[in-house]
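Written out below as structure tokens is the structure these notes cover.
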């Protein structure tokens with residue numbers, strides 16, 4: 001059994017309690033402070049009082065919090081609109097004929113920018129075969145730290161060791177890992193994550209940690225916001241890009257950044273080992289009661305279940321890859337395990 005004391009009570013209490021919400025892998029529930037910040041930003045926007053330059057410190061707070069969450073320096077963190085934008089930048093930065101190694105059933109945003117670039121040669125392998133396929137001659141390995149469809153966790157330590165030994169560049173999507181899985185972004189060239197899932201921030205932003213050694217990366221989406229003094233870099237042909245990772249920035253969605261900073265800062269202050277033990281513990285309670293083997297992820301994939309039927313029983317889940325995906329997070333409790341198990345058993349009996 002997992003103990004609620006494994007996570008700080010104040011952290012769990014910062015979020016709303018929504019019984020049966022097991023869909024963080026689709027989008028996380030915002031902390032109350034983020035919801036309040038969104039309402040305030042909307043009001044300021046509607047009244048013409050929203051000061052864009054006043055939001056710059058919020059972006060810097062997001063950089064710092066994301067750096068803490070993934071194990072990077074704040075100066076190495078860049079702001080983007082989506083994961084696919086960052087993956088596309090990585091793809092565009094590779095030379096003609098570059099060989100990319102990726103995972104067969106990974107999330108489309110990790111694969112499509114490479115597959116849709118005719119200059120590149122892409123090889124897809126099963127997740128379990130990825131490390132063995134890393135060798136000299138591969139230019140880049142791109143993989144999700146945690147698979148979206150079923151929650152399988154990549155062996156990041158082995159990937160880091162193999163790519164380092166072979167001189168292979170790396171792109172790791174941490175959209176389903178940052179927030180609950182301890183990470184070391186400094187082991188990789190680019191570590192990118194959407195913030196609206198396990199980081200519980202508003203949709204419309206992504207953050208990426210760019211290793212200083214990744215000098216091969218081009219700012220193909222370069223914008224005025226990539227300067228150290230963006231408000232003094234609005235016009236003219238003489239770009240003044242930052243020397244830090246903010247040179248890759250695109251301009252922020254002003255109404256969202258304070259809410260994002262508050263969400264990330266709350267998580268950054270938590271002990272990730274404790275969060276990991278808590279959320280994986282809840283998932284393993286559910287697995288055990290459903291006769292499934294224990295796992296290392298808070299994402300559980302169930303065959304023979306119906307997400308729509310679960311929704312009718314008050315369980316928020318999602319349909320993925322022909323299965324039902326449930327995901328447990330820090331605002332869930334053992335009561336949610338009970339609700340999900342009962343709902344699945346009732347549906348099973350009804351269709352027996």
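Among the residues of the range 170-185 satisfying the criterion of being in a strand (DSSP E or B) and in contact (Cβ under 8 Å) with a residue 60 or more places away in the chain, which is surrounded by the fewest Cβ atoms within 10 Å (Cβ to Cβ)?
So the residue we want is 171.
Of all residues in the range 27-43, count the ones that are part of a helix (DSSP H, G or I) and surrounded by 20 or more Cβ atoms within 10 Å (Cβ to Cβ).
3
Being under 19 Å from residue 177 (Cβ atoms) and not in a helix (DSSP H, G or I) is the filter here; which residues of the range 44-72 pass it?
Correct list: 71, 72.
State all residues of the range 296-314 that are buried (at least 18 other Cβ atoms within 10 Å of the Cβ), in a loop (DSSP other than H, G, I, E, B) and over 23 Å from the mean Cα position of the chain (by Cα); if no residue qualifies, say none.
If the condition is that a residue be buried (at least 18 other Cβ atoms within 10 Å of the Cβ), in a loop (DSSP other than H, G, I, E, B) and over 23 Å from the mean Cα position of the chain (by Cα), then 305 is the only one that fits.
Count, please, the residues in the range 305-350 that happen to be touching a strand residue (DSSP E or B) at 6+ places or on another chain (Cβ under 8 Å) and either at positive phi or in contact (Cβ under 8 Å) with a residue 60 or more places away in the chain (or both).
Final tally of qualifying residues: 15.
Scan (1) within 23 Å of the chain's Cα centre (by Cα); (2) modelled with pLDDT of 95 or more for the single condition residue 166 breaks and write down its number.
Looking at each condition in turn, residue 166 falls short on (1).
Of all residues in the range 134-162, count the ones that are assigned to a helix (DSSP H, G or I) and surrounded by fewer than 22 Cβ atoms within 10 Å (Cβ to Cβ).
6
Within the bounds of the range 262-276, is there any residue that is part of a loop (DSSP other than H, G, I, E, B), more than 19 Å from the chain's Cα centre (by Cα), touching a residue at least 12 places away in the same chain (Cβ under 8 Å) and farther than 30 Å from residue 51 by Cα?
No, the range 262-276 contains no residue that is part of a loop (DSSP other than H, G, I, E, B), more than 19 Å from the chain's Cα centre (by Cα), touching a residue at least 12 places away in the same chain (Cβ under 8 Å) and farther than 30 Å from residue 51 by Cα.
Answer yes or no as to whether residue 213 is in a loop (DSSP other than H, G, I, E, B), within 14 Å of residue 76 (Cα to Cα) and at pLDDT 95 or above.
Yes.
What's the number of the only condition in (1) in contact (Cβ under 8 Å) with a residue 24 or more places away in the chain; (2) more than 23 Å from residue 266 (Cα to Cα) that residue 164 fails to meet?
Single failed check for residue 164: (1).
Residue 293 - would you say it is in contact with a helix residue (DSSP H, G or I) (Cβ under 8 Å, 6 or more places away or on another chain), in the same structural domain as residue 196 (by TED's automatic domain parsing) and surrounded by fewer than 23 Cβ atoms within 10 Å (Cβ to Cβ)?
No; evaluated as a whole, the condition is false for this residue.
The values are calculated or read from the model by the stated rules, or taken from the named source; none is laboratory data. None of these values were measured; they are calculated from a predicted model. Don't worry about glycine lacking a Cβ; one is built from the backbone with ideal geometry, like all the others, and counts go over all protein chains shown.
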